[in-house]
Structure formats: structure tokens, C-alpha cells
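**Student:** Quick one: the structure is below, questions incoming.
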Amino acid sequence: MYVFKDSLGRIAGELSRNIGKVLEVEFKKMGHFLSGREWGIISYLFNNKGMNQNSLCEVTGSDKVSVKRLIDGLESKKLVCRKVSPVDRRHYILSLTKKGDSVYDDLSPIAARIIAMSSSDIHDVELQLAIKTLKRINQNLKRMVEQTD
């Protein structure tokens, strides 16, 4: 029997929202006003240079309009810049600005500390198994989505 309160989707969603809330509070203490979703974009772009907006949609599981809004906001904060793709002029290549790189350098240790604290009472083996299991569930769901397309 399905029980929403104990469902994987609800728990995963709540986990994601709570990580975002804690990140926002800690970032604000450092003078950076970023949402958890904005941090995700910054972090991903730092570690994946030269990504286009469509790829970012796939990676984040967000629709084009949501990603465009996030990028617009980060661009207005001068953290991200867009350049027209030399391969396909309909697409933009995204990269962090120098200020974006600096923000990543400032906030990355905070994000790492929060994640470490949130799992401090969980053995490494348990945590790695949980991550591996969540990845498998996500792959199963992706296959299900592909079958419906």
C-alpha cells in the first residue's frame, strides 16, 4: 500500500529542499544570497566547463524555462556568462565569470561541511550504499520516462 508520508519521492524531495535551505542560510552568513538551486548550477558549471543550457536542463532535471530563469539571475549577479555556441548559434555555452569562480571557491567548503555534518552519524558504507541505491532508482525511472517518449 502506498503511504505518501513514507514515500521515496516525498523523502527525497524533502531532503533536497532541506539541504537547499541550510545552504541558503549559511551562504547568507557569508554575504552571498544564493538559492540552493543557484548553488547547484554554479557548482556544476565549475566542474563541467563549457556546458550548454540544454545539457544543464538534462543534468538538473529542470525544464528550459526554469534553467533560463536561474541563468538569467546568475548572469545579473555577474556569476555566469553566456556565449553563443560556435557550433550551433541557437545554443549558448555557459561558464562562470571570475566572480563566479571566486564565489565557488568561497562557498564550496561550506557546502562540503554541511553535507558532512548532515551525514556525520552515518557510516561511510551505509552512505555509499544509499547513494548507489538512489542512483539505481533514478536510472530505472529515467528508463521508464524514455519508454513513454
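**Student:** Filter segment 18-41 for residues that are of a type in the set (Val, Ile, Thr) and without any contact (Cβ under 8 Å) to a residue 24 or more places away in the chain and give the result. Please lay out each step first, then the result.
**Tutor:** Restricting attention to segment 18-41, the residues satisfying the condition of being of a type in the set (Val, Ile, Thr) are 19, 22, 25, 41.
Hit for segment 18-41 is Val25, nothing else.
**Student:** Moving on to the next point. Checking Val80 against (1) in contact (Cβ under 8 Å) with a residue 40 or more places away in the chain; (2) surrounded by 15 or more Cβ atoms within 10 Å (Cβ to Cβ): exactly one of these is not met. Which one?
**Tutor:** Only one criterion in (1) in contact (Cβ under 8 Å) with a residue 40 or more places away in the chain; (2) surrounded by 15 or more Cβ atoms within 10 Å (Cβ to Cβ) is unmet by Val80, namely (1).
**Student:** Name the residue that is farthest from Lys21 (Cα to Cα), counting only residues in segment 57-90 that are at pLDDT below 90 and touching a Ser or Thr at 6+ places or on another chain (Cβ under 9 Å).
**Tutor:** Cys57
**Student:** Another question, then. Kindly indicate the residue of segment 1-17 that is aliphatic (A, V, I, L, M) and without any contact (Cβ under 8 Å) to a residue 24 or more places away in the chain and also nearest to Ile114 (Cα to Cα) among those meeting that condition. Lay out the reasoning, then the answer.
**Tutor:** Within segment 1-17, the first condition is being aliphatic (A, V, I, L, M), and the residues that meet it are 1, 3, 8, 11-12, 15.
If we keep only those that are without any contact (Cβ under 8 Å) to a residue 24 or more places away in the chain too, we end up with 1, 3, 11, 15.
Values: Met1: 35, Val3: 30, Ile11: 18, Leu15: 13 Å.
This residue is Leu15.
**Student:** For Ile93, work out the one condition from (1) of a type outside the set (Asp, Glu); (2) out of contact with any helix residue (DSSP H, G or I) (no Cβ under 8 Å at 6 or more places or on another chain); (3) free of Cβ contacts under 8 Å to residues at least 24 places away in the same chain it doesn't fulfil.
**Tutor:** All conditions are met except number (3).
**Student:** On to the next question. What residue, among those in segment 119-149 that are in a loop (DSSP other than H, G, I, E, B) and out of contact with any helix residue (DSSP H, G or I) (no Cβ under 6 Å at 6 or more places or on another chain), is surrounded by the fewest Cβ atoms within 10 Å (Cβ to Cβ)? Lay out the reasoning, then the answer.
**Tutor:** Kept after step one, since they are in a loop (DSSP other than H, G, I, E, B), are these residues of segment 119-149: 119-123, 149.
Subset that is out of contact with any helix residue (DSSP H, G or I) (no Cβ under 6 Å at 6 or more places or on another chain): 120-123, 149.
Details: Ser120: 7, Asp121: 7, Ile122: 11, His123: 9, Asp149: 4.
Taking the candidates together, the pick is Asp149.
**Student:** Tyr104 - would you say it is surrounded by 11 or more Cβ atoms within 10 Å (Cβ to Cβ) and in contact with a Lys or Arg (Cβ under 7 Å, 6 or more places away or on another chain)?
**Tutor:** Values: surrounded by 11 or more Cβ atoms within 10 Å (Cβ to Cβ): yes; in contact with a Lys or Arg (Cβ under 7 Å, 6 or more places away or on another chain): no.
Spelling it out, it is not the case that Tyr104 is surrounded by 11 or more Cβ atoms within 10 Å (Cβ to Cβ) and in contact with a Lys or Arg (Cβ under 7 Å, 6 or more places away or on another chain).
**Student:** A further question on this structure: Which one is nearest to Pro109 (Cα to Cα) among residues in segment 22-57 that are charged (D, E, K, R) and surrounded by 12 or more Cβ atoms within 10 Å (Cβ to Cβ)? I'd like the intermediate steps shown before the answer.
**Tutor:** Of all residues in segment 22-57, those charged (D, E, K, R) come to 24, 26, 28-29, 37-38, 49.
This time we only want the ones that are surrounded by 12 or more Cβ atoms within 10 Å (Cβ to Cβ), so: 24, 26, 37-38.
Values: Glu24: 14, Glu26: 11, Arg37: 17, Glu38: 16 Å.
The qualifying residue nearest to Pro109 (Cα to Cα) is Glu26.
**Student:** For segment 10-24, how many residues are of a type outside the set (D, E, K, R) and within 16 Å of Thr60 (Cα to Cα)?
**Tutor:** Residues in segment 10-24 being of a type outside the set (D, E, K, R) and within 16 Å of Thr60 (Cα to Cα): 6 in total.
**Student:** Scanning segment 56-96 for residues that are over 18 Å from the mean Cα position of the chain (by Cα) and of a type outside the set (Lys, Arg), which turns out nearest to Arg37 (Cα to Cα)?
**Tutor:** Ranking the qualifying residues of segment 56-96, first place goes to Ser76.
**Student:** Say whether the condition of being closer than 23 Å to Gly9 by Cβ and not hydroxyl-bearing (Ser, Thr, Tyr) is met by at least one residue in segment 95-108.
**Tutor:** Taking segment 95-108 and keeping what is closer than 23 Å to Gly9 by Cβ, we get none.
Among the residues of segment 95-108, not one is closer than 23 Å to Gly9 by Cβ and not hydroxyl-bearing (Ser, Thr, Tyr), which makes the answer no.
The values are calculated or read from the model by the stated rules, or taken from the named source; none is laboratory data. Predicted model, so just to flag it, every value in this text is computed and none were measured. Virtual Cβ from ideal backbone geometry, glycine too; neighbours counted across all protein chains shown.
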